[in-house]
Amino acid sequence: YLYTSSVKTVVYSTLNPLGMDLDKWEELGINKDFASKQTELVNMLLGMGFEKSFTCTPYLLRQPKFREHLAWSESSAVGMANTYYGAYTNREAGPLALFSSLIGKTYNGGLHLIENRKPTVKVLLKEIEKDFVINEGVASAVGYIIGEKIGDSIPLIPLRLKPTFDVVKAYTATAGAAGSIALSYLENVSPEYSLYANENLEKIEIDIKEMKDILVDALPTLNENDAYFIGCPHASVEEIINLYNNIHDCKKLKTNVVVSTSRMVYEAIEKMGIKEKLLNLGVVIIRDTCPIVSPAFQKRFEKVITSSGKALFYLPKQQSQPTILLKNINLRDILCRE
């Protein structure tokens, strides 16, 4: 109805990932009926003025401004907007985000109000911190545990060190999946952390034992029916470069290596020459796609190894896909035959 009414977006508006790569859906084993319906929907939305983005990392296309009001529906993007950039957005239902794009407004409630953005619990990492700030797998495990423990509350996490961008991305995505957490305050990251640093809050501690229940430290044995996966949320340029640096001198891969990313990042690594080198190694690079909803990932592998806690949470449930969370160390030893 909206499409036939010729309504258009009035603000910059992006689209979530699809269930397929628009250009390589046949290679992924997507049937024509599914592809036809996806393409029809895409054409309608593009006709309404949405950006041809198809990504869960819209903040890489346009960086949210501090205290800017947004209407985002993708859970991991919401976590990054609130936590990393200090923007204000609720975790919207799809239709509400759609209508906001058409009128340029959203309702003045929830996390748009400062009184609803106060942290409710302080999370202490202690001996885990040194790994948390540099390792996406560890950050994912922390997000998983916090999400399970506090649900949709707002955690404040003191840190002596500054986490990398991709660590924050992995943490917020997993916390949003496991616990519907839309906002966290990370010291040395969140712009408004100092407002609440001295609040007297309930405290919980994440210990090593809890981490071991979720995170695999030992090198797993992989075969040609398994897969190593990055890209949930969509892989950044830095994540893909790190993968390439670890496997660039492999003579042969032990297992399938799958990367899911946005078309913007795909174009960037193409210009850098990395895309072609990864393809020559046998790496599969998928654009536009969410593996959690794509038929291409339905029971496709015997097991999936990943540093993404969001993938760990959803792939077994949505795709009947056994998934293992890895600390993401020694990738060459895991993936290369020689």
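Taking each residue of the range 237-261 that is outside the structural domain of Ile285 (by TED's automatic domain parsing) and looking for partners that are assigned to a helix (DSSP H, G or I) and at pLDDT below 95 with beta-carbon atoms closer than 9 Å, six or more apart or interchain, yields nothing.
The residues in the range 42-76 that are under 23 Å from the mean Cα position of the chain (by Cα), surrounded by fewer than 19 Cβ atoms within 10 Å (Cβ to Cβ) and assigned to a helix (DSSP H, G or I) can be counted, and the count is 1. How many of the residues in the range 2-54 are of a type outside the set (Lys, Arg), touching a residue at least 24 places away in the same chain (Cβ under 8 Å) and closer than 25 Å to Leu70 by Cβ? Total satisfying the criteria: 24.
Residues of the range 91-112 that are free of Cβ contacts under 8 Å to residues at least 60 places away in the same chain and at positive phi: Gly110 alone. Elements of the type strands (runs of 3 or more DSSP E) sitting completely within the range 253-329 and holding at least 3 residues that are touching a helix residue (DSSP H, G or I) at 6+ places or on another chain (Cβ under 6 Å): these cover 323-326. At least 3 residues being modelled with pLDDT of 95 or more is the threshold, and among the helices (runs of 4 or more DSSP H) wholly inside the range 148-251 those reaching it are 165-179, 237-247. Considering only residues that are within 15 Å of Ile247 (Cβ to Cβ) and hydrophobic (A, V, I, L, M, F, W, C), which ones fall in the range 300-338? Within the range 300-338, Ile305, Leu326, Ile329, Leu331, Ile334, Leu335, Cys336 qualify. When we screen Glu148, Glu136 for residues that are at negative phi, touching a helix residue (DSSP H, G or I) at 6+ places or on another chain (Cβ under 8 Å), in contact (Cβ under 8 Å) with a residue 40 or more places away in the chain and charged (D, E, K, R), the only hit is Glu136.
The values are calculated or read from the model by the stated rules, or taken from the named source; none is laboratory data. In this text, all values refer to a predicted model and were calculated from it rather than measured experimentally. Glycine gets a Cβ as well: all are built from the backbone with ideal geometry, and neighbour counts include every protein chain shown.
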